[in-house]
Amino acid sequence: MRFILFTGKGGVWKTTIASATALPISNSGLKTLLISTDPAYSLSDALSIKLKPEPQLVEENFWCMEFNVYYFMKKYYKLILLRTATKLRWKFPILTLPR
């Protein structure tokens, strides 16, 4: 497994270069996941498709997703709260666990 991270200030073509890198990798037969953390959803624009916050198959061996912090907070809120409460229960015995 390899990770390639493209980072830099805004407007330096990170999304375009990441897409141009990921597509040939997936075309070579390697399973590829392209994730964008840009809140502007520029990956959807670059690929001309509507992406979701979960990985979705775009082409053979090529999955894409746009990270959405609100989606994941809603999805995992109870789990995070439960684990936090479990860890802190010894210090705060009146802490109740979520249902």
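The values are calculated or read from the model by the stated rules, or taken from the named source; none is laboratory data. From a predicted model like this one, the values you see are computed outputs, not experimental measurements. Methodologically, a virtual Cβ is constructed for each residue, glycine included, from the backbone with ideal geometry; neighbour enumeration extends over all protein chains shown. For the accessible areas, the whole protein counts, side chains as well, though only heavy atoms, and no ligand, DNA or RNA atoms are used. Shrake-Rupley method; radii C 1.70, N 1.55, O 1.52, S 1.80 Å.
Per-structure values
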quantity	calculated
Rounded percent of accessible protein surface that carbon and sulfur make up, segment 1-74, 1.4 Å probe	62 percent
Size of electric dipole in the chain: Cβ of Lys, Arg +1 and of Asp, Glu -1, about Cα centre, debye, nearest 20	860 debye
Whole-number percent relative contact order across the chain, with pairs defined as alpha carbons under 8 Å at least 6 apart	20 percent
Cα Rg over Rh - segment 2-42, Kirkwood	0.97
20 °C / 1.002 mPa s Stokes-Einstein diffusion coefficient of the chain, Kirkwood radius on C-alpha pairs, µm²/s	135 µm²/s
Candidate lysines for bridging to Lys14, where Cα separation is under 26 Å - those fewer than 8 sequence places away on the same chain excluded	Lys31, Lys50, Lys52
Rounded FRET efficiency, nearest 0.05, which uses the C-beta distance separating Thr84 from Asn61 and R0 of 41 Å	0.65
Segment 21-78 - accessible surface per residue (Å², probe 1.4 Å)	69 Å²
Dipole of the chain [Lys/Arg +1, Asp/Glu -1 at C-beta], most positive-end residue of Leu79, Gly11, Tyr41	Leu79
